[in-house]
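The values are calculated or read from the model by the stated rules, or taken from the named source; none is laboratory data. In this text, all values refer to a predicted model and were calculated from it rather than measured experimentally. Here the Cβ is made from the backbone with ideal geometry for all residues, glycine too, and neighbour counts use every protein chain on show.
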Amino acid sequence: MRRWSTFAILLFAAAGPVAAGAAGPAAPAEARRAELIHMVRQDCGSCHGLSMKGGLGPPLVPAALADKDAAQLQFVVLHGRRGTAMPPWRRFLSDAEAAWVVELLRKGLPE
């Protein structure tokens, strides 16, 4: 059985399948998108590296996430990983926002 990376399990499993069409999850409103991008850069970046290339946590760059299941990633984001430094973000993110963040990371965080 393949072992999931810290990030993959951290992001999305119990949240169920991502409700998204072929275009991916619906984007939050523009102001919220800016808040989420800032959160990812600052809060996620504090462990995963400000360039998302890894640190205490694994890398969150497209190449590192390409083979990871989006629903598993979303679960990890929302629920964290017990026994690791990965906290749950459920109190700060809705299911749709977590799905959008995962999609954003899979495409590459904008500059």
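The table below lists the values:
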quantity: Checklist (1) aromatic (Phe, Trp, Tyr); (2) modelled with pLDDT of 95 or more; (3) part of a helix (DSSP H, G or I) applied to residue 7, failing item; calculated: (2)
quantity: Among residues of the range 53-75, those that are among the aliphatic types (A, V, I, L, M) and more than 15 Å from residue 104 (Cα to Cα), counted; calculated: 1
quantity: Hits in the range 42-58 - residues which are surrounded by 16 or more Cβ atoms within 10 Å (Cβ to Cβ) and either touching an Asp or Glu at 6+ places or on another chain (Cβ under 6 Å) or touching a residue at least 12 places away in the same chain (Cβ under 8 Å) (or both); calculated: 44, 47, 48, 52, 57, 58
quantity: Residue in the range 71-83 that is at pLDDT 95 or above, closer than 17 Å to residue 27 by Cβ and in a loop (DSSP other than H, G, I, E, B) present; calculated: no
quantity: Qualifying residues in the range 56-70 (those that are in contact with a Ser or Thr (Cβ under 8 Å, 6 or more places away or on another chain) and either small (Gly, Ala, Ser) or assigned to a helix (DSSP H, G or I) (or both)) - the one modelled with the lowest pLDDT; calculated: 57
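Rundown of residues vs (1) surrounded by 15 or more Cβ atoms within 10 Å (Cβ to Cβ); (2) more than 17 Å from residue 41 (Cβ to Cβ), yes/no style:
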position	(1), (2)
67	no, yes
72	yes, yes
79	yes, yes
95	yes, yes
101	yes, no
110	no, no
